[in-house]
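Inspection log for the structure reproduced underneath, given as structure tokens.
The values are calculated or read from the model by the stated rules, or taken from the named source; none is laboratory data. Note that this is a predicted model, so its numbers are computed, not measured. Because the Cβ atoms are built from the backbone with ideal geometry, glycine has one as well, and the counts that use them run over all protein chains shown.
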Ligand code: SF4
Ligand code: SF4
């Protein structure tokens, strides 16, 4: 079931992150009316969560109107920001989204070396604004994406610096986010788990487990990118099966409903998570909605649990028989 959207407002960005997967050779910003139309279309399609993203979404002039419209339709609006525009536009914007996040890479020196000189100070300014503009609202978050290995930011001092910044402001959390496709050494994983146990810190151990298990399995996919999420580009196209590994795009001039019913999307629903490039994938933008949909299924159809229990009984019986006849011990594919 479609419940979330990554709505790209621009591919322009003033940062220079090494890990960037989004910047385009032909950068551009969305058309204001098209964005408003697409937000309406998303609401009609039953989408509950919209991530207004980019590039740097603060470079989209009509951002406040887009957030207000999403809020009016009762959607959860999410915004992640970085860079000098935080200081220039924050006052008008930071009170609006349901969720407000600041991307941070570590110590001031590390952050500025990765993104641009002086970028760290704009996060500090943004947190000050968020503290006054969002009293009693959902906490603002520092999204700390951890890079493994040499030259990465996974060391305890970097984390302490991020946590110390969060603790200077009321109502601020740190969300530790393992990078897409990251492979962490046991020592790095131990550090990440320790980060996750500190006060005011969020970290999903499930993400670590998923990475350790090698990410998405293209033969038995976990990913439900196309069925749970709509990835809409800055030039107003539905990208399939997901934004990052697009196989095709459907223009949205005829409306989102038509694009969602298109043969291209029906086809993508069949191959989502099953392409060669899907093997080992861990793009959280899609894996998290996929998890949500699997949990929803579990609650909606308790018979699935009965089937799992039934399989357990069958396995026990096979093992019991195998002890007597010596022919069944490895007959179950889960072994
Ligand atoms: S802020 Fe985001 S879009 Fe901009 S360079 Fe960094 S990763 Fe890329
Ligand atoms: S597994 Fe990754 S690449 Fe494949 S459809 Fe899902 S999100 Fe896209």
Verdict on residue 47 being touching a strand residue (DSSP E or B) at 6+ places or on another chain (Cβ under 7 Å), part of a loop (DSSP other than H, G, I, E, B) and either away from ligand 2 (no atom under 16 Å from the Cβ) or under 25 Å from residue 141 (Cβ atoms) (or both)
yes
Residues of the stretch 1-44 being assigned to a loop (DSSP other than H, G, I, E, B), surrounded by fewer than 17 Cβ atoms within 10 Å (Cβ to Cβ) and away from ligand 1 (no atom under 16 Å from the Cβ), which ones?
1, 31
So residue 113 passes all but one of these: (1) at pLDDT below 95; (2) not in a helix (DSSP H, G or I). Which condition number does it fail?
(2)
All conditions in (1) surrounded by fewer than 14 Cβ atoms within 10 Å (Cβ to Cβ); (2) on the phi > 0 side of the Ramachandran plot are true of residue 185 except (2)
Condition first: in contact with a strand residue (DSSP E or B) (Cβ under 8 Å, 6 or more places away or on another chain) and not in a helix (DSSP H, G or I). Now tell me which residues in the stretch 199-237 satisfy that.
200, 201, 202, 203, 229, 230, 231, 232, 233, 234, 236, 237
Residue 205, sole failed condition from (1) at pLDDT below 95; (2) away from ligand 2 (no atom under 16 Å from the Cβ); (3) under 30 Å from residue 125 (Cβ atoms)
(3)
Among the residues of the stretch 191-201, is there at least one that is in contact (Cβ under 8 Å) with a residue 12 or more places away in the chain, closer than 21 Å to residue 284 by Cα and surrounded by 20 or more Cβ atoms within 10 Å (Cβ to Cβ)?
yes
Do we have any residue at all in the stretch 243-264 that's surrounded by fewer than 19 Cβ atoms within 10 Å (Cβ to Cβ), touching a residue at least 40 places away in the same chain (Cβ under 8 Å) and within 16 Å of ligand 1 (Cβ to nearest atom)?
yes
Count - residues of the stretch 5-39 that are within 16 Å of ligand 2 (Cβ to nearest atom) and at pLDDT 95 or above
3
Assuming residue 273 fulfils every condition listed in (1) away from ligand 2 (no atom under 16 Å from the Cβ); (2) in a loop (DSSP other than H, G, I, E, B); (3) at pLDDT 95 or above apart from one, which condition is it?
(1)
Would you confirm whether or not the stretch 311-328 contains a residue that is modelled with pLDDT under 95, in a loop (DSSP other than H, G, I, E, B) and surrounded by 12 or more Cβ atoms within 10 Å (Cβ to Cβ)?
yes
Could you go through the stretch 154-169 and let me know if any residue there is more than 24 Å from residue 94 (Cα to Cα) and within 16 Å of ligand 2 (Cβ to nearest atom).
no
So, in the stretch 45-91, exactly how many residues are touching a residue at least 60 places away in the same chain (Cβ under 8 Å), within 22 Å of residue 259 (Cβ to Cβ) and within 14 Å of ligand 1 (Cβ to nearest atom)?
3
Between a residue in the stretch 1-20 that is free of Cβ contacts under 8 Å to residues at least 12 places away in the same chain and any residue that is near ligand 1 (Cβ under 10 Å from one of its atoms) and assigned to a loop (DSSP other than H, G, I, E, B), which pairs come within a Cβ distance under 9 Å, given they are 6 or more apart or on different chains?
20/13
